[in-house]
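A.B. asks: Here it is: the structure, laid out below.
The values are calculated or read from the model by the stated rules, or taken from the named source; none is laboratory data. Remember, predicted model here, so these are calculated numbers, not experimental data. Backbone-built Cβ (ideal geometry, glycine too); neighbour counts: all protein chains shown.
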């Protein structure tokens, strides 16, 4: 029987944000055991170099120091020893995100990829983890939240936990501290909601709504659910948004205002955003944690794992996250149409859609999507946003071609049976072949256009097949996200500068200059701080107000600081593009088709 790899983690100095992590190997490599820390975290496709947070490292065997040398950016090798070997390191943790590790005197959170050394050659060995309470009276009420299986630890307690191998060890994030805990069962599976941070959430509302949502997803793919227990690890902050999926849990970052409060009856726009995030990460339990590209089976944690399929795993998930909300009755049909309208608006306001295909966007995630800069909107397209719209197009096309008998739902269930239940990785053309097999619709020509070219998607025509009318109008302001009818009849005359910006005191800092806009032609650049328009400071009302009475074709004199230099630009304003989408239900004949789409049969 293979000896387990034993890990111990202690929040040794919360005030200094330092964990002490020990990895003990009973049977180290006789030539010198090598250890490595992952370069990235599955689900977040960017090389993050977690080894940079290792402050110190040492090794010992039977109480005697053992030399350990660094071989490359994240790999170490110990001196050969005859007996057991223990390697201890201090890890700095001040990344308050879903993908990192964080530690202070209020709480602790970590993803295993950030803190646990991989014993090279023994990745398949079982792992045991001892989670140790930090010393001191202030930590006496801390508890442990994780989906990792307990060995000797009591529920929510410090102590021993176990994982089948290293891959599972790093796929169970851990939260330590004083947190709010609520529980429910869905599909026969116990679920925990753990909320860290100050909040005033209505936990009974969360229990009720998340139960409904989780049961919907479980029914969609079919019982039994693929996990024995599930944990939502929620960190509530002033402003934040993010999620990272795991096999039996998810880490979520949200604004405390996104959580429902006592007495709130309606689903507010902010709570709707939170529910969409929960839905997205929970759907990943099937789509990417178990149905996964061949490039991820297994993960290579040392380098990029390239695939053109992220559009399917993130985009299709982004399609179903909001669709699930309307299907299970958490939001109304009009809310769902607004959300699709906003996605279309976001896509149409991305000039880079004419330069990068969806397959290219997926492949380049490692160097582009997670490394956004001031030119990103002009150079690329989001595999989340466009991927969700391609999923919409596939679904509506199949429904139209089969008169509603088949849909993308059938494709997802076929993927689950063939790849999720078996663990077989999905080949790069696998989803296209399986989609045709599951639906009987020949999709190759359409997918060539939608995935491998930059041609516009036929959204208007396909939405019309389900009785949805699509209207495009100009934006009314920089805050107009689309999805709703115009409030003013004068929006068609709105003049635009062609920038994205943020307030900086009474001034406006330019974050992006959009391709072909008035600002780009005038020479304005990202980073410029606009201080005057025609000699007047925009003030707290902002740049929108300063341009509100202008019309397309007018010239304005703009003064801005570039670094410490005052610059002057003359910009000829342009008419706002009709890139703001509004969807409405058409009357009459297609109501049954729409209902079949939004209230489908159960899996």
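A.B. asks: Is it the case that residue 242 is surrounded by fewer than 18 Cβ atoms within 10 Å (Cβ to Cβ) and outside any loop (DSSP other than H, G, I, E, B)?
C.D. replies: yes
A.B. asks: Looking at (1) modelled with pLDDT of 95 or more; (2) closer than 25 Å to residue 488 by Cβ; (3) assigned to a loop (DSSP other than H, G, I, E, B), which one does residue 526 not meet, given that it meets all the others?
C.D. replies: Failing condition for residue 526: (2).
A.B. asks: Can you name the condition, by its number, that residue 185 falls short on among (1) part of a strand (DSSP E or B); (2) crowded, with 20+ Cβ neighbours inside 10 Å; (3) outside the structural domain of residue 17 (by TED's automatic domain parsing)?
C.D. replies: (2)
A.B. asks: Moving on to the next point. If I filter the stretch 533-540 for residues that are out of contact with any helix residue (DSSP H, G or I) (no Cβ under 6 Å at 6 or more places or on another chain), in contact (Cβ under 8 Å) with a residue 12 or more places away in the chain, loosely packed, with under 14 Cβ neighbours inside 10 Å and not in a loop (DSSP other than H, G, I, E, B), do I get at least one hit?
C.D. replies: yes
A.B. asks: Something else about it: Restricted to the stretch 72-83, and to residues that are touching a strand residue (DSSP E or B) at 6+ places or on another chain (Cβ under 6 Å) and surrounded by 13 or more Cβ atoms within 10 Å (Cβ to Cβ), which residue is nearest to residue 50 (Cα to Cα)?
C.D. replies: In this case the residue turns out to be 74.
A.B. asks: Also, I was wondering about something else. Looking at residue 378 and the list (1) touching a residue at least 40 places away in the same chain (Cβ under 8 Å); (2) surrounded by 22 or more Cβ atoms within 10 Å (Cβ to Cβ); (3) over 17 Å from the mean Cα position of the chain (by Cα), which single condition is not satisfied?
C.D. replies: The number of the failed condition is (2).
A.B. asks: Separate question: Residues to consider are 82, 65, 59; find the one that is at pLDDT below 95, outside the structural domain of residue 244 (by TED's automatic domain parsing) and more than 33 Å from the chain's Cα centre (by Cα).
C.D. replies: 82
A.B. asks: Then there is this: Hey, among 9, 47, which residue is closer than 26 Å to residue 299 by Cα, outside any loop (DSSP other than H, G, I, E, B), in the same structural domain as residue 89 (by TED's automatic domain parsing) and touching a residue at least 24 places away in the same chain (Cβ under 8 Å)?
C.D. replies: Criteria check complete, one pass: 9.
A.B. asks: Quick check, is residue 212 assigned to a helix (DSSP H, G or I), on the phi < 0 side of the Ramachandran plot and surrounded by fewer than 16 Cβ atoms within 10 Å (Cβ to Cβ)?
C.D. replies: Taking the combined requirement at face value, the residue does not satisfy it.
A.B. asks: A follow-up question, please. Going through 399, 452, 433 one at a time, which residue ends up being in the same structural domain as residue 323 (by TED's automatic domain parsing) and buried (at least 17 other Cβ atoms within 10 Å of the Cβ)?
C.D. replies: Criteria check complete, one pass: 399.
A.B. asks: Shifting gears a bit: Among residues belonging to the stretch 455-471 that are over 12 Å from residue 397 (Cβ atoms) and assigned to a loop (DSSP other than H, G, I, E, B), point out the one that is modelled with the lowest pLDDT.
C.D. replies: 467
A.B. asks: I've got another one for you. Against the condition touching a helix residue (DSSP H, G or I) at 6+ places or on another chain (Cβ under 6 Å), in the same structural domain as residue 25 (by TED's automatic domain parsing) and surrounded by fewer than 22 Cβ atoms within 10 Å (Cβ to Cβ), how does residue 130 come out, does it pass?
C.D. replies: When the stated conditions are applied, residue 130 does not pass them.
A.B. asks: Something else about it: Let me confirm something: among 519, 571, which residue is in contact with a helix residue (DSSP H, G or I) (Cβ under 7 Å, 6 or more places away or on another chain), closer than 24 Å to residue 373 by Cβ and buried (at least 17 other Cβ atoms within 10 Å of the Cβ)?
C.D. replies: The match here is 571.
A.B. asks: Could you tell me whether residue 516 is part of a loop (DSSP other than H, G, I, E, B), outside the structural domain of residue 354 (by TED's automatic domain parsing), at pLDDT 85 or above and over 25 Å from residue 474 (Cα atoms)?
C.D. replies: no
A.B. asks: Looking only at the stretch 563-573, how many residues end up being part of a strand (DSSP E or B) and in contact with a strand residue (DSSP E or B) (Cβ under 8 Å, 6 or more places away or on another chain)?
C.D. replies: So the answer is 7.
A.B. asks: Might you let me know whether the stretch 26-33 holds any residue that is in the same structural domain as residue 10 (by TED's automatic domain parsing), within 25 Å of residue 298 (Cβ to Cβ) and crowded, with 19+ Cβ neighbours inside 10 Å?
C.D. replies: yes
A.B. asks: In addition: So which residues in the stretch 52-92 are in contact with a helix residue (DSSP H, G or I) (Cβ under 7 Å, 6 or more places away or on another chain) and either farther than 19 Å from residue 13 by Cα or assigned to a loop (DSSP other than H, G, I, E, B) (or both)?
C.D. replies: 73, 74
A.B. asks: Taking residue 123, is it part of a strand (DSSP E or B) and either touching a residue at least 12 places away in the same chain (Cβ under 8 Å) or surrounded by fewer than 24 Cβ atoms within 10 Å (Cβ to Cβ) (or both)?
C.D. replies: The answer is no for residue 123.
A.B. asks: Next up: Answer yes or no as to whether residue 301 is part of a helix (DSSP H, G or I) and either touching a strand residue (DSSP E or B) at 6+ places or on another chain (Cβ under 6 Å) or in contact (Cβ under 8 Å) with a residue 12 or more places away in the chain (or both).
C.D. replies: No: the conditions fail for residue 301.
A.B. asks: Please pick out the residue among 441, 411 that is closer than 20 Å to residue 308 by Cα, modelled with pLDDT of 95 or more and touching a helix residue (DSSP H, G or I) at 6+ places or on another chain (Cβ under 7 Å).
C.D. replies: 411 is the lone residue from the list that is closer than 20 Å to residue 308 by Cα, modelled with pLDDT of 95 or more and touching a helix residue (DSSP H, G or I) at 6+ places or on another chain (Cβ under 7 Å).
A.B. asks: Please work out which one of (1) surrounded by 13 or more Cβ atoms within 10 Å (Cβ to Cβ); (2) over 35 Å from the mean Cα position of the chain (by Cα) is the condition residue 597 fails and give its number.
C.D. replies: Result: residue 597 passes all but (2).
A.B. asks: Test of understanding: among 252, 277, which residue is under 23 Å from residue 216 (Cα atoms), surrounded by fewer than 23 Cβ atoms within 10 Å (Cβ to Cβ) and touching a strand residue (DSSP E or B) at 6+ places or on another chain (Cβ under 7 Å)?
C.D. replies: After applying the criteria, what remains is 277.
A.B. asks: Please find, among 162, 144, the residue that is outside any loop (DSSP other than H, G, I, E, B), surrounded by 21 or more Cβ atoms within 10 Å (Cβ to Cβ) and at pLDDT 95 or above.
C.D. replies: 144
A.B. asks: Let me ask something additional. Give 544, 579 a once-over and let me know the one that is closer than 30 Å to residue 395 by Cα and crowded, with 16+ Cβ neighbours inside 10 Å.
C.D. replies: 579
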